[in-house]
Amino acid sequence: MKAVHLTLICHALTTAQKTGRLHRPDDGILPLHAQPFAVAPETRMLTAPERRARATAAGFSMPVQVEPALADCDLGCWHGLALKQLQAEQPQALALWLDDPHSTPHGGESFAELCQRMAGWLAAFDKPGEWVAVTHPMVIRAVLVQVLGCPLAAHRQIDVLPLSCVQLSFTGRWRLRLG
């Protein structure tokens, strides 16, 4: 069995992140001044479908395949809302969403559902070689929860900064690669 090496990269900084607003699918990124990372020529690249992920992937100047499964968590009617607005207008709903990974007060996808989606994607990802996937903070948290077998609530202890990366490998089972 040939190994899979998968590096997940969080999209670049967005205005939404900088201003404390929840994401929208059409959010762009703030300007990149250089290519985010050096990538070996034989590496294949995937990206989430949202504009911010595609724009970050374009900074690598290599062919990119859009992977729908890497899409960000659907926040339903909360897309684009400021966190301060939610704290003022829907404090109980926001607290529920932050504390309960199964909750969906916004009418979208719960973190638990996102974890199930990512578990299915990881189980089906059997493409040997070097891969880079540009995606979102919540998606990376969901992948880490799955790979490490953590309780769902552990995602609250994971900070995923813009352009940060996580390396995984697969040889019969997914493993976190530090280095």
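Based on protein heavy atoms only, the chain ends up with 51 Å² per residue of surface accessible to a 1.4 Å probe. In percent, rounded to a whole number, the relative contact order of the chain is 34, using alpha-carbon pairs under 8 Å and six or more apart. For region 1-121, the dipole from Cβ point charges (+1 on Lys and Arg, -1 on Asp and Glu) about the Cα centre works out to 420 debye, to the nearest 20. The ratio of the alpha-carbon radius of gyration of region 75-179 to the globular-protein estimate 2.2 N^0.38 Å is 1.19. Separation of region 45-90 and region 135-179, taken as the distance between their Cα centroids, equals 17 angstrom. Fully extending the segment from Cys150 to Arg44 would add 35.3 nm, taking 0.36 nm per residue of separation and subtracting the current Cα-Cα distance. Springs join every pair of Cα atoms under 10 Å in this Gaussian network model of the chain, and among Ser61, Ser169, Ser103 the largest mean-square fluctuation is at Ser61. With no solvent and one point on each alpha carbon, what is the Debye value of log10 I(q)/I(0) for region 1-75 at q = 0.13, 0.20 Å⁻¹? With one equal scatterer per Cα and no solvent, log10 I(q)/I(0) is -0.41, -0.90. Of the residues Ala34, Ala112, Ala133, the one that moves most in a GNM of the chain with alpha-carbon contacts below 10 Å is Ala34. Mean residue ellipticity, 222 nm, helices only, the chain: the sum of -39500 (n - 2.57) across DSSP H runs of n ≥ 4, divided by residue count and rounded to 500, is -8500 deg cm²/dmol. Near Ala57: Cβ cut-off under 13 Å, other residues only, Lys/Arg at +1 and Asp/Glu at -1. The net charge is +2. Calculate, in whole percent, how much of the Cα-Cα pair population of region 63-134 lies beyond 14 Å. So the pairs more than 14 Å apart make up 67 percent of the total in region 63-134. With a cut-off of 13 Å between beta carbons, the residues surrounding Ala12 carry a summed charge of +2, where Lys and Arg count +1 and Asp and Glu -1. Plainly put, the chain has a radius of gyration that is 0.97 times its Kirkwood radius, both from alpha-carbon atoms, as the Rg/Rh ratio.
The values are calculated or read from the model by the stated rules, or taken from the named source; none is laboratory data. Since we're looking at a predicted model, the values are computed, not measured. Using ideal geometry, Cβ is built from the backbone for each residue, glycine included, and neighbour counts are taken over all protein chains shown. Accessible surface is based on the protein model in full, side chains and every heavy atom, while ligands, DNA and RNA are left aside. Shrake-Rupley method; radii C 1.70, N 1.55, O 1.52, S 1.80 Å.
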